[in-house]
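Trainee: Let me give you the structure first, and then I'll get to my questions.
The values are calculated or read from the model by the stated rules, or taken from the named source; none is laboratory data. Being a predicted model, the structure only gives us computed values, none of them experimental. All Cβ positions, even for glycine, are placed from backbone atoms using ideal geometry, and neighbour counts span all protein chains on display. Note: areas computed on protein heavy atoms with side chains; ligands, DNA, RNA excluded. Shrake-Rupley method; radii C 1.70, N 1.55, O 1.52, S 1.80 Å.
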Amino acid sequence: MRIDVITIFPDYLAPLDLSLIGKARTRGLVDLRVHDLRAWTHDNHNSVDDAPFGGGAGMVMKPQPWAEALAAVLDDGRAELGADAAPVLVIPGPSGAPFTQPQAHALAEVPWLVFACGRYEGIDERVHEHAREDLGLDTRVVSLGDYVLNGGEVAVLAITEAVVRLLPGVVGNEASLVEESHEGGLLEYPVYTRPARWTAPGSDVERSVPDVLLGGNHAEIARWRYAQRLARTAERRPDLLSAHEASRADGAR
Ligand SMILES: C[S@@+](CC[C@H](N)C(=O)[O-])C[C@H]1O[C@@H](n2cnc3c(N)ncnc32)[C@H](O)[C@@H]1O
């Protein structure tokens, strides 16, 4: 997979050199390139923003650097991936549809992603139109959640990590991806490791791992884990549980 990130803060993406994503880059599983939007400015101040038409607080990202940046990134990507290659353009924004695990799976199937990181009050709306209508790009505004960040970079870090860890070979034991929270619409069961009995420093309570996990009966463990997933989802995310039950009822019909 190729990923291009356009931002005015390239250093913000440095964590993508670390851990499993960094290793995936080193191993050539993902080709991630970060571009400084200011490279496509032509004034002495390298300005990327201007005052909003209609007045109001804050600044808006100008369309011209974005159009030039997208053209350059498309040219560069097509030189490598082929003249017909077309990325999905992801524009992080709080006004987008919330990012979910099913979307992470869908984006993991895409060979080329381009992220456009907004700052200030966001990117001039005509850049979205230009990307969709003139460049013909599948352009998606994606929100990390119902709150406002200062820029799109944190969203790109999160979305990239969620997507790249699903690529074959990135996570060592791919079975570990299957029963995770949000797979199959439920949260994960509680997990434990050694020692089987443990007392926290300063506590006089000894806490034990549930007996079923120590017995080695895999069918029983699977039943217990499924029950725990249901109970945890009911407690923490009842909204997910009703969707899960509706999809099971659909499947049973
Ligand atoms: C201060 S925000 C702009 C918010 C915009 N004025 C609005 O109300 O929709 C600046 C940038 O941060 C990013 N951003 C903020 N909140 C986000 C969220 N929840 N998910 C994804 N990106 C977000 C976007 O790139 C956005 O262009």
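Trainee: Based on this model, can you work out whether residue 142 counts as modelled with pLDDT of 95 or more, in contact with a Phe, Trp or Tyr (Cβ under 6 Å, 6 or more places away or on another chain) and surrounded by 14 or more Cβ atoms within 10 Å (Cβ to Cβ)?
Mentor: yes
Trainee: Let me ask you something else. Report every pair of residues separated by at least 6 positions or lying on different chains whose Cβ atoms are under 6 Å apart, first residue within the range 224-253 and in contact (Cβ under 8 Å) with a residue 60 or more places away in the chain, second outside any helix (DSSP H, G or I).
Mentor: 244/186
Trainee: Does residue 204 fit the bill of being at pLDDT 95 or above, open to solvent by 70 Å² or more (accessible area, probe 1.4 Å), part of a loop (DSSP other than H, G, I, E, B) and within 16 Å of the ligand (Cβ to nearest atom)?
Mentor: No, not satisfied.
Trainee: Quick test of your reading of the structure: residue 240 fulfils all but one of (1) under 22 Å from the mean Cα position of the chain (by Cα); (2) in a loop (DSSP other than H, G, I, E, B); (3) surrounded by 11 or more Cβ atoms within 10 Å (Cβ to Cβ). Name the failing condition by number.
Mentor: So residue 240 meets the others, but not (2).
Trainee: Being open to solvent by 50 Å² or more (accessible area, probe 1.4 Å) and away from the ligand (no atom under 16 Å from the Cβ): is that true of residue 183 here?
Mentor: Criteria not met by residue 183.
Trainee: With respect to the numbered conditions (1) over 25 Å from the mean Cα position of the chain (by Cα); (2) surrounded by 13 or more Cβ atoms within 10 Å (Cβ to Cβ); (3) outside any helix (DSSP H, G or I), which one is the sole condition not fulfilled by residue 64?
Mentor: Failed condition: (3).
Trainee: Same structure again: Check 41, 26, 7 and return the single one that is in contact with a Cys (Cβ under 7 Å, 6 or more places away or on another chain) and polar (S, T, N, Q).
Mentor: 7
Trainee: Same structure, new question: State whether the residues of the range 184-191 include one that is touching a Leu at 6+ places or on another chain (Cβ under 8 Å), farther than 26 Å from residue 121 by Cα and assigned to a helix (DSSP H, G or I).
Mentor: The answer is yes; a qualifying residue exists.
Trainee: Something else: Only one of (1) within 29 Å of residue 114 (Cα to Cα); (2) among the hydrophobic types (A, V, I, L, M, F, W, C); (3) surrounded by 10 or more Cβ atoms within 10 Å (Cβ to Cβ) is not met by residue 178, so which one is it?
Mentor: (3)
For (1) acidic (Asp, Glu); (2) within 30 Å of residue 224 (Cβ to Cβ); (3) in contact with an Asp or Glu (Cβ under 7 Å, 6 or more places away or on another chain); (4) outside the structural domain of residue 34 (by TED's automatic domain parsing), each residue gets a yes or a no:
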site	(1), (2), (3), (4)
104	no, yes, no, no
146	yes, no, no, no
153	yes, no, no, no
158	no, no, no, no
174	yes, yes, no, yes
200	no, yes, no, yes
